[in-house]
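Taking it in order: structure first as C-alpha cells, then the write-up.
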Amino acid sequence: MLTIKNLHAEVEGKKILKGINLEINKGETHAIMGPNGSGKSSLASVLAGRDNYTVTEGEVWFNGKNLLELSPEDRAREGVFLAFQYPVEIPGVSNLNFLKTALNEIRTYKGLPPLEAKEFLKLTKEKQQLVDFHSNLMNRSLNEGFSGGEKKRNEIFQLAMLDPQLAILDETDSGLDIDALRIVSNGVNKLRDAEKSFVVITHYQRLLEYIIPDFVHVLYNGRIIKTGTKELALELEERGYDWLKEELHLKESV
Amino acid sequence: MINSNEIIDDIANKEYEFGFSTDIEMEIAPPGLNEDIIRFISAKKNEPEWLLEWRLKGFAAFKKMEFPKWQHFKMPELNLQAVSYYAAPRKKKQLNSLDEVDPELLATFEKLGIPLNEQKALAGVAVDAVFDSVSVATTFKTKLKEMGVIFCSFGEAVQEYPDLVKKYLGSVVPHTDNIFAALNSAVFSDGSFVYIPKGVRCPMELSTYFRINAQNTGQFERTLIIADDNSYVSYLEGCTAPMRDENQLHAAVVELVALEQAEIKYSTVQNWYPGDKDGKGGIYNFVTKRGICKGAGSKISWTQVETGSAITWKYPSVILQGDYSEGEFYSVAVVRNRQIADTGTKIHHIGKGTKSRIISKGISAGHGDNSYRGLVAVGPRAENARNFTQCDSLLIGNQCGSHTFPYIESRNKTAMIEHEATTSKIGEDQIFYLNQRGIDTEKAVALIVNGYVKEVLNQLPMEFAVEAQKLLSITLEGSVG
Ligand SMILES: Nc1ncnc2c1ncn2[C@@H]1O[C@H](COP(=O)(O)OP(=O)(O)O)[C@@H](O)[C@H]1O
Ligand SMILES: [Mg+2]
C-alpha cells in the first residue's frame with residue numbers, strides 16, 4: 001500500500017530525513033520509535049505534504065500513485081490520515097461543521113454524493129461512542145479550549161469518521177492518562193481490519209501493549225536503524241536507545 | 001502542488017465582480033463646488049426655500065472646517081472642485097410606474113442581482129434603487145402605503161412630507177457635525193426616506209441599493225428613517241460601483257430616529273469598488289451614520305459588512321437618550337490589497353438603564369490596514385448603564401495591519417463597561433490541518449472566516465446573511481460559497 005524509497009527531506013535548509021526505506025502492506029500496523037528530534041514527526045509531515053519540508057531525494061508510492069505529486073488535500077482524499085502530535089485550535093469553526101465539510105469533500109472526490117444530515121448524525125453518534133467522545137465537544141469550536149487529552153481523542157474520533165486507508169498516529173498517547181489511553185487504543189483496535197494500515201509513532205512501549213504492532217522500527221537521526229517485532233519495543237524500554245546508537249557507530253566506522 | 005501562500009496571495013488579489021459601467025444618457029453638472037451649484041441642485045429638485053437655506057448654511061459651515069487629522073491613515077488629497085455634484089439619468093421626469101424607467105437602468109440593477117420588477121423581486125423586500133445619487137425606482141410602495149409606511153426617495157419626501165423632513169432633517173447629524181456631513185448637507189442629491197407610523201411593524205425589509213456609475217462625480221445621498229412610538233423596521237443598504245482609475249468620494253449621511261419603544265435595525269452590505277491590487281482607484285467611503293434612541297425603551301441596531309472601498313471611514317453611532325434604550329453595533333470589516341478601514345462606533349449613554357453591545361470583527365489580508373475605533377461614553381445621568389464590547393482582529397498573511405483604538409469615558413460610578421479584544425492569524429498550521437482532512441485551501445479559508453464572522457452575519461436578515469457570506473467568500477477567495 002505504501003512504499004517509501006530512499007526518502008530524503010529537509011526543512012529550512014536542514015537535512016532531517018536521510019534515506020528512509022519502508023514498506024507497509026494492507027492490514028499491517030507499524031510502530032515507529034526513536035529519541036526526540038530523530039525525525040518521526042518530520043516523516044509524518046512529509047507524507048501528509050506539509051509544504052515547509054522539501055523532499056530532496058527518493059519516492060513515495062501510495063496505492064500505485066506518486067504521493068509526493070499530490071496536494072495535501074488530495075493525499076487526504078486518497079486515504080492518508082495524520083493524527084497530529086499537536087492538533088491546532090480553530091476558533092469559530094464548529095467541530096461538527098468542520099467534520100461534515102471534510103467528509104463531504106472526501107466523498108465528492110470519490111464520486112459519492114454528500115451524506116444526508118440524518119445519516120451524518122447517525123455516523124457521528126456511532127463513532128463518538130467508539131472513543132467515548134463527549135457530545136458537548138461536538139458543537140464547540142474545533143479543539144478550542146480542549147484539554148490535551150480531548151484533542152487527542154478528537155483526532156481519533158476524526159479518524160473513525162473519515163475512515164482512511166492509512167492512518168499515521170503521531171504520539172497520540174502523549175498527554176493521555178491510563179484510562180484515556182485504554183479507551184483510545186480500544187477505539188483504534190476496533191478500526192483495524194485487513195484493508196487498513198496504521199503507523200503508530202510513540203516513545204513508549206506502553207501504547208504498544210494495547211495496539212500490538214506487526215513491526216517496530218527505530219528511527220534515529222533521519223534513518224531507520226533497526227526493524228523488529230513487538231519484542232524490540234520491550235527491549236528499547238529496558239535498555240534505552242544508547243546500545244543501538246553504539247551498534248550504529250560501530251557499523252559506520254567499519 | 002500549490003503552496004498555501006500562493007493561494008492566500010491569490011485570494012487577496014481577486015478581482016472585483018461589479019466593475020462594469022452602464023452606458024446611459026446623463027445630465028451632469030460641470031465640476032465645481034460653489035453656491036451656484038447648490039442653488040442649481042435645489043432648483044433642479046424644486047425644493048422649498050427653507051431647504052435651500054439649510055443647504056447654504058451647510059456650505060458656510062463646510063468652508064470654515066478642515067479635514068481631520070486623527071485618523072489612522074494618510075488623508076488622500078481630495079480636490080473637491082474637480083468633482084461634479086449633480087448627475088442624473090436624463091430621461092427622468094416624474095415616473096409613475098416602473099415601466100417608465102429606462103430599460104438600461106433596469107438591466108443594470110438586474111445584473112447586480114436587484115430586480116426592480118415587483119414580480120421578480122425578492123418577496124418581502126421593498127427596494128429603493130439609487131443610481132448616481134438619484135432614486136430611480138421604489139418597489140412595493142403602494143403595498144406599504146396601505147399600512148401608513150412611507151418609503152420613498154428623499155426628493156419625493158421633501159415634496160410630499162415636508163413637515164416630517166423639516167422636523168427631523170439634521171436633528172441627529174447637524175450640518176455642522178463634521179466636514180463631510182457639512183459637505184453632504186450642502187450638496188446632497190437624493191437618498192431614501194422612511195417613516196413608520198405609531199404601532200406599525202413594517203411587514204417587509206426595506207432596502208436601498210446604491211450604484212455609482214458616472215465618472216468624476218461624488219455620491220452624496222441622505223437617508224432619514226423615523227420610527228414612531230412602538231414601531232419596528234428593518235432596513236438594508238447595499239452598494240457597488242464600476243472600476244475606475246480615479247478615486248471617487250462617497251460622503252453620505254444617515255440619520256435614524258427611534259421614538260418610544262420603537263426599534264430600528266439598520267444593515268449595510270458595503271461593496272463599493274475597492275481599487276485595484278496596487279491601490280489605484282476605488283471609492284472613498286466617508287460616511288456619517290448616527291441614530292438616536294429618543295424614546296424610552298427604544299432600540300437601534302447597526303449591522304455592517306464592509307468589504308469594498310479604497311478607504312472606509314465611518315462610525316455608525318447611537319445616542320441612547322431615552323431611559324432603558326438600547327444600542328447595538330455589529331461589524332465585519334474586510335481589507336485586502338491596499339484597502340484601508342478606520343471604522344467602529346460611538347455609543348453615548350445618556351438615559352438611565354441604557355445598554356449597548358459592540359461586536360467588531362476585522363479581517364485584514366494582503367497589504368490592507370484595518371483599525372477599530374470606538375467610544376463608549378457614559379453621562380452622569382446614566383445610572384446602571386451597561387456596555388459590552390468585543391473587538392476581534394483576524395490576520396491573513398504577514399503584510400497586513402490591524403489596530404484597535406477603544407475609548408471609554410464614564411461619568412457615572414454605577415456604569416459597567418466590559419471590553420474584550422483578541423487578535424488571531426489564519427496560520428499555515430490551521431490551513432494545513434484542514435488540508436490534511438481533505439479540505440482545500442480556499443474552502444479552509446472560507447470555513448475559518450465564516451466561523452469568525454458568524455455572530456455578526458446572524459444579525460442580518462436571512463436572505464442577506466447568505467448574500468453577505470457569499471460576498472465575503474468571493475472577496476476573500478475566488479468563488480467558494
Ligand atoms: N520547522 C522546522 N525548522 C527547523 N527545524 C525543524 C523544523 N521542524 C523540525 N525541525 C527539526 O527536525 C528534527 C526532527 O524533528 P521531529 O521530526 O519533530 O522529531 P521527532 O518527532 O522525532 O521528535 C529536529 O531536530 C527538529 O528541531
Ligand atoms: Mg514528534
Considering only Cα-Cα distances, which of the following residue pairs are longer than 23 Å: B:Lys425/B:Lys470; B:Lys141/B:Lys314; A:Lys15/A:Lys152; B:Lys167/B:Lys314; B:Lys57/B:Lys141; A:Lys15/B:Lys425? B:Lys141/B:Lys314; A:Lys15/A:Lys152; B:Lys167/B:Lys314; B:Lys57/B:Lys141; A:Lys15/B:Lys425
Residues of the range A:71-101 that bury at least 30 Å² of accessible area, probe 1.4 Å, when all protein chains are present rather than the chain alone, are A:Pro72, A:Glu73, A:Ala76, A:Phe84, A:Val88, A:Ile90, A:Gly92, A:Val93, A:Phe98, A:Thr101
Under 18 Å Cα to Cα from B:Lys64, which lysines show up? Leave out anything in the same chain fewer than 8 places away. none
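Report the relative contact order of chain A, percent, no decimals, based on alpha-carbon pairs under 8 angstrom and at least 6 residues apart.
Relative contact order comes out at 27 percent.
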With every protein chain in place, the accessible area of A:His8 for a 1.4 Å probe, in Å² rounded to the nearest 10, comes to 40 Å²
Please report the relative contact order for the range B:382-468, taking Cα pairs under 8 Å with a sequence separation of at least 6, and give it as a percent rounded to a whole number. 29 percent
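Put B:Met462, A:Met33 in order of accessible area, largest first, 1.4 Å probe: what do you get?
B:Met462, A:Met33
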Give the distance, in whole Å, between the Cα centre of the range B:241-297 and the Cα centre of the range A:180-208. 57 Å
If you fit an axis through the alpha-carbon atoms of helix A:95-109 and take the longest principal axis of the Cα set of chain A, what angle between them do you get, 0 to 90°, nearest 10? 80 degrees
In peptide A:159-166, what is the residue-averaged number of other protein chain Cβ atoms found within 10 Å of each Cβ? 1
Between the chain alone and the structure with every protein chain in place, find the residues of the range A:48-62 that drop at least 20 Å² of accessible area; heavy atoms, 1.4 Å probe. A:Ala48, A:Arg50, A:Asp51
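Out of the DSSP beta bridges found with both residues in the protein assembly as shown, what percent are antiparallel (nearest 5)?
Counting only bridges with both partners in the protein assembly as shown, antiparallel ones make up about 20 percent.
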Heavy-atom accessible area ranking, 1.4 Å probe, most first, across A:Glu126, B:Glu263: A:Glu126, B:Glu263
Any residue on another chain or 5+ positions along whose placed amide H is under 5 Å from the amide H of B:Glu306 is listed here as B:Gln270, B:Val332, B:Ala333, B:Val334
For chain A, what is the accessible area per residue in Å² when the probe is 1.4 Å? 46 Å²
Inter-centroid distance (Cα atoms) of the range B:171-189 relative to the range A:32-87, Å: 62 Å
Buried accessible surface, B vs A, both sides, probe 1.4 Å, in Å² to 100, equals 2300 Å²
Once the dipole of the protein assembly as shown is set up from charges on Cβ (+1 Lys and Arg, -1 Asp and Glu), the residue from the list B:Ser207, A:Leu67, A:Leu121 lying farthest towards its positive end is B:Ser207
Per-residue Cβ counts within 10 Å, from other chains only, averaged over B:447-454: what number is that? 5
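Can you flag which of B:Lys277/B:Lys361; B:Lys355/B:Lys413; B:Lys166/B:Lys355; B:Lys143/B:Lys289; B:Lys166/B:Lys294 are past 21 Å Cα-Cα? If you can, show how the numbers build up before the last one.
Working: B:Lys277/B:Lys361 23 Å; B:Lys355/B:Lys413 15 Å; B:Lys166/B:Lys355 30 Å; B:Lys143/B:Lys289 28 Å; B:Lys166/B:Lys294 17 Å.
From the list (B:Lys277/B:Lys361; B:Lys355/B:Lys413; B:Lys166/B:Lys355; B:Lys143/B:Lys289; B:Lys166/B:Lys294), the Cα-Cα distance tops 21 Å for B:Lys277/B:Lys361; B:Lys166/B:Lys355; B:Lys143/B:Lys289.
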Once Rh for the protein assembly as shown is found with the Kirkwood sum over Cα pairs, what is the Stokes-Einstein diffusion coefficient at 10 °C and 1.306 mPa s, in µm²/s? 55 µm²/s
Which whole-number value in Å² is the accessible area per residue of the range B:252-370, probe 1.4 Å? 22 Å²
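Can you put A:Met138, B:Met75 in order of accessible area, largest first, using a 1.4 Å probe?
B:Met75, A:Met138
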Please work out how much accessible surface B:Tyr195 shows to a 1.4 Å probe, ignoring ligands, DNA and RNA, in Å² rounded to 10. 40 Å²
Of the accessible area of the protein assembly as shown, with the probe set at 1.4 angstrom, what percent is carbon plus sulfur? 48 percent
Peptide-level mean, for B:455-464, of C-beta atoms on other protein chains within 10 Å: 0
Calculate the length of the line joining the C-alpha centroid of the range B:438-473 to that of the range A:227-245, in whole Å. 51 Å
Rounded to the nearest 10 Å², what accessible area does B:Arg39 show when all protein chains are kept and the probe is 1.4 Å? 110 Å²
In this model, which of A:Lys26/A:Lys151; A:Lys65/A:Lys122; B:Lys44/B:Lys346; B:Lys69/B:Lys346 are farther than 26 Å apart at the alpha-carbon? A:Lys26/A:Lys151; A:Lys65/A:Lys122; B:Lys44/B:Lys346
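Just add up the charged neighbours of B:Ala157: K/R +1, D/E -1, any other residue whose Cβ is under 14 Å from the Cβ of B:Ala157.
With Lys, Arg at +1 and Asp, Glu at -1, the net is -2.
The values are calculated or read from the model by the stated rules, or taken from the named source; none is laboratory data. Here the structure is a predicted model, which means the values were calculated and not measured. No Cβ is skipped: glycine too gets one built from the backbone with ideal geometry, and neighbour counts run over all protein chains shown. To get the accessible areas, we keep the full protein, side chains included, count just its heavy atoms, and leave off ligands, DNA and RNA. Shrake-Rupley method; radii C 1.70, N 1.55, O 1.52, S 1.80 Å.
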